Amino acid sequence: MDKNKQQIINPGLYLVSTPIGNMEDITIRALNILKISDIILCEDTRHSGRLLLNFQIKSKLLSYHKFNENKVCSKIINFLKDDKIISLISDAGTPTISDPGMILVNKCIEENLNVYPVPGPSAVTSALSVSGFTDQFIFYGFLPKKEKELENTFKSLSNLNYSIIFFIPAIKINNYIKQFKNFFFDRKILIAKEITKIHEKFIRSNVDSLKELPGSLKGELTVVLSEKIKEKKNKNKINESVKIEIKEMFTKYRIKDVVEFISKKENLSKKMVYDFCLKQKK
């Protein structure tokens with residue numbers, strides 16, 4: 001790239017997306033910004049330290065997680081006011097998406113300080129992209145722990161005809177499967193496990209026929225529910241070309257096979273096809 005066309009990296013807060021599993025998914029821009037950052041905020045310094053070591057980045061790490069977010073926030077704001085370049089990363093994926101950072105972002109907005117996104121890996125869009133479901137979607141994140149709150153949440157979401165995405169601890173997935181069958185029985189489901197990692201796996205099913213998963217599953221799962229499955233309405237009339245096809249099939253196949261094939265192919269009720277077949281027999 002022409003150096004003159006490279007983005008100027010101004011002082012401010014950079015929300016840097018990091019790999020959700022495969023280290024090769026990090027972007028060149030993310031690496032460049034992390035390398036020149038005065039401080040990198042992270043959830044777990046040990047976890048993020050391995051990422052930086054892998055790419056030979058020596059910027060200072062500072063612990064920033066949901067338990068110290070309010071306490072550390074004012075300190076970071078002061079750094080930003082001194083024209084520092086601060087990066088925020090999560091353990092995996094895009095910061096602030098079901099991860100710490102929103103308090104700091106809002107404080108920066110209040111103080112009129114620059115906040116920049118550095119796009120990259122996201123379990124949300126990765127799972128949706130391979131689901132085969134509509135790209136009109138709702139991302140909910142982690143579900144409420146209290147049973148009544150969960151029930152109210154599911155009641156509300158079940159009325160929305162979009163893809164719906166959740167993050168669910170693997171150890172709790174079977175409890176949620178029972179709830180899905182009550183509220184989302186008319187949808188398909190994709191359960192994504194260890195996206196981009198060696199043991200990556202995608203489980204696909206209709207919600208109403210989904211079986212319990214092995215209790216040995218670990219980590220977090222990304223679960224995508226489809227839009228509502230639309231039932232095809234049977235046609236109320238057999239058109240002439242289909243009648244000709246049925247008559248031709250009589251010479252080779254049994255009535256039972258003809259009814260099964262035509263009703264499925266033409267979206268006709270089996271009774272209608274069967275009655276027509278009987279008339280032809282007489």
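The values are calculated or read from the model by the stated rules, or taken from the named source; none is laboratory data. As the structure is a computational prediction, the values presented were derived from the model and not from experiment. So basically every Cβ, Gly included, is an ideal-geometry build from the backbone, and we count neighbours across all protein chains shown.
Structure values in brief
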item: Residue that is nearest to L128 (Cα to Cα), among those in the range 219-234 that are exposed (fewer than 14 other Cβ atoms within 10 Å of the Cβ) and in contact with a strand residue (DSSP E or B) (Cβ under 9 Å, 6 or more places away or on another chain); result: I229
item: The range 143-167, subset crowded, with 18+ Cβ neighbours inside 10 Å and out of contact with any Ser or Thr (no Cβ under 8 Å at 6 or more places or on another chain), residue farthest from G215 (Cα to Cα); result: S158
item: Filtered residues of the range 241-257 (kept if under 15 Å from D275 (Cα atoms) and buried (at least 16 other Cβ atoms within 10 Å of the Cβ)); result: V242, I246, I255
item: Those residues of the range 229-262 which are closer than 30 Å to Y162 by Cα and either touching a Gly at 6+ places or on another chain (Cβ under 9 Å) or at pLDDT 85 or above (or both), in sequence order; result: I229
item: Selection count where residues are in contact with a Leu (Cβ under 9 Å, 6 or more places away or on another chain) and part of a loop (DSSP other than H, G, I, E, B), scope the range 100-116; result: 5
item: Residue satisfying all of: in the range 119-163; of a type in the set (A, V, I, L, M, F, W, C) and in a loop (DSSP other than H, G, I, E, B); farthest from the chain's Cα centre (by Cα) among these; result: L160
item: Complete set of residues in the range 261-273 that are surrounded by 17 or more Cβ atoms within 10 Å (Cβ to Cβ) and more than 37 Å from the chain's Cα centre (by Cα); result: I262, M272, V273
item: Residues located in the range 62-101, provided they are farther than 30 Å from Y140 by Cα and hydrophobic (A, V, I, L, M, F, W, C); result: F79, L80, I85
item: Any chance I40 is at pLDDT 95 or above, assigned to a loop (DSSP other than H, G, I, E, B) and of a type in the set (A, V, I, L, M, F, W, C); result: no
